[in-house]
1. Condition (residue is over 30 Å from residue 347 (Cβ atoms), in a helix (DSSP H, G or I) and assigned by TED's automatic domain parsing to the domain that holds residue 18) applied to region 196-203: is it met by at least one residue?
2. Based on what the data block shows, is residue 247 more than 22 Å from the chain's Cα centre (by Cα) and closer than 21 Å to residue 45 by Cβ?
3. In region 212-242, what residues are in a loop (DSSP other than H, G, I, E, B) and over 15 Å from the mean Cα position of the chain (by Cα)?
4. On the basis of being free of Cβ contacts under 8 Å to residues at least 60 places away in the same chain and either touching a helix residue (DSSP H, G or I) at 6+ places or on another chain (Cβ under 8 Å) or assigned to a loop (DSSP other than H, G, I, E, B) (or both), does residue 167 make the cut?
5. For region 206-234, which residues satisfy the criterion of being crowded, with 18+ Cβ neighbours inside 10 Å and in contact with a strand residue (DSSP E or B) (Cβ under 6 Å, 6 or more places away or on another chain)?
6. Looking at region 139-148, which of its residues are closer than 9 Å to residue 15 by Cβ and touching a helix residue (DSSP H, G or I) at 6+ places or on another chain (Cβ under 7 Å)?
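The values are calculated or read from the model by the stated rules, or taken from the named source; none is laboratory data. These numbers come from a predicted model, not from an experiment. In this analysis, Cβ positions are derived from the backbone assuming ideal geometry, glycine residues included, and neighbour counts consider all displayed protein chains.
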């Protein structure tokens with residue numbers, strides 16, 4: 001039964017490693033250092049903390065955003081990771097970490113890396129306890145299979161995918177019988193919303209591994225790949241999640257950290273507009289909103305110049321992405337993603353050795 005709490009305006013679901021935190025574990029030495037890092041040693045993906053703070057900013061003293069974090073990091077890191085989030089000024093309602101030590105002790109080596117059978121049951125169980133009308137925005141990265149997990153979750157909630165399709169995918173990835181049963185039970189208790197108002201509004205995929213945005217085209221317009229969270233902030237402004245000053249503060253965070261200069265931010269602005277995710281009317285509203293503050297405020301000036309540049313060259317603004325494709329073949333898409341990642345790893349290895 002859904003909670004009686006109905007004050008939530010929107011739900012934001014975040015992955016952690018390579019989505020919120022700049023976690024590196026491709027090399028053995030990097031993996032060994034992770035358990036010994038303190039909260040102050042954890043490094044954010046640029047802009048992630050600023051964006052999440054703005055999304056959860058209290059209005060009239062009342063925080064109305066629901067934040068759920070589902071991470072593949074081991075449960076033994078909970079204290080450190082929670083301390084890091086508090087240092088960042090972030091609040092949350094759910095925080096799930098993976099029972100990696102238990103998986104290892106029981107010899108479940110496949111479960112250590114497998115994410116579909118870990119994340120989907122948690123997300124469906126969480127949804128059961130939330131108001132049926134609550135909409136969601138999801139944040140993941142291109143290092144795992146976040147786009148597949150999130151897209152299937154969204155399709156299940158609106159009835160586009162069935163319980164049988166879910167169970168077939170869970171079998172394919174080796175999910176336990178208990179996890180499959182929990183998913184079936186929770187899905188049965190959810191009433192499909194219908195595609196006229198889908199519960200999942202947007203899926204952002206942070207391109208941490210440098211995947212081309214075109215890789216995610218099969219998943220439809222709901223999925224928006226972003227090179228960094230400045231682009232996500234612009235889209236979220238256009239969709240009513242952030243106000244003008246929030247965009248300016250997030251821009252300032254990039255400039256202060258010296259991770260992106262004005263020209264790079266302008267190019268990122270151009271890229272997300274060219275891909276059709278930032279409509280002209282949103283750019284006009286943003287430009288008008290920052291115009292009065294642009295004198296003497298570097299961040300506001302960057303936003304104003306970027307918006308004005310594109311408004312002057314409206315041919316560079318791409319058409320809105322096409323509606324979502326027909327029902328997705330998730331087992332085939334899983335194979336496609338794994339094949340693409342293997343090819344990318346081979347290419348990087350060849351480049352590094354050359």
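1. Keep residues of region 196-203 that are over 30 Å from residue 347 (Cβ atoms), which gives 196-201.
Adding the requirement that they be in a helix (DSSP H, G or I) leaves 196-197.
Restricting the remaining residues to those that are assigned by TED's automatic domain parsing to the domain that holds residue 18 gives 196-197.
Yes; the residues of region 196-203 include at least one that is over 30 Å from residue 347 (Cβ atoms), in a helix (DSSP H, G or I) and assigned by TED's automatic domain parsing to the domain that holds residue 18.
2. No, not satisfied.
3. Of region 212-242, the ones in a loop (DSSP other than H, G, I, E, B) are 212, 220-222, 227-228, 239-242.
Result: 212, 220, 239, 240, 242.
4. yes
5. In the first step, residues of region 206-234 are kept if they are crowded, with 18+ Cβ neighbours inside 10 Å; the result is 206-208, 211, 215-216, 219-220, 222-234.
Correct list: 206, 207, 208, 216, 222, 223, 224, 225, 226, 232.
6. 140
So that you can scan it fast, the table gives a plain yes or no per residue for (1) closer than 30 Å to residue 56 by Cα; (2) at pLDDT 90 or above:
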residue: 88; (1), (2): yes, yes
residue: 93; (1), (2): yes, yes
residue: 129; (1), (2): yes, yes
residue: 152; (1), (2): yes, yes
residue: 167; (1), (2): no, yes
residue: 178; (1), (2): no, no
residue: 183; (1), (2): yes, yes
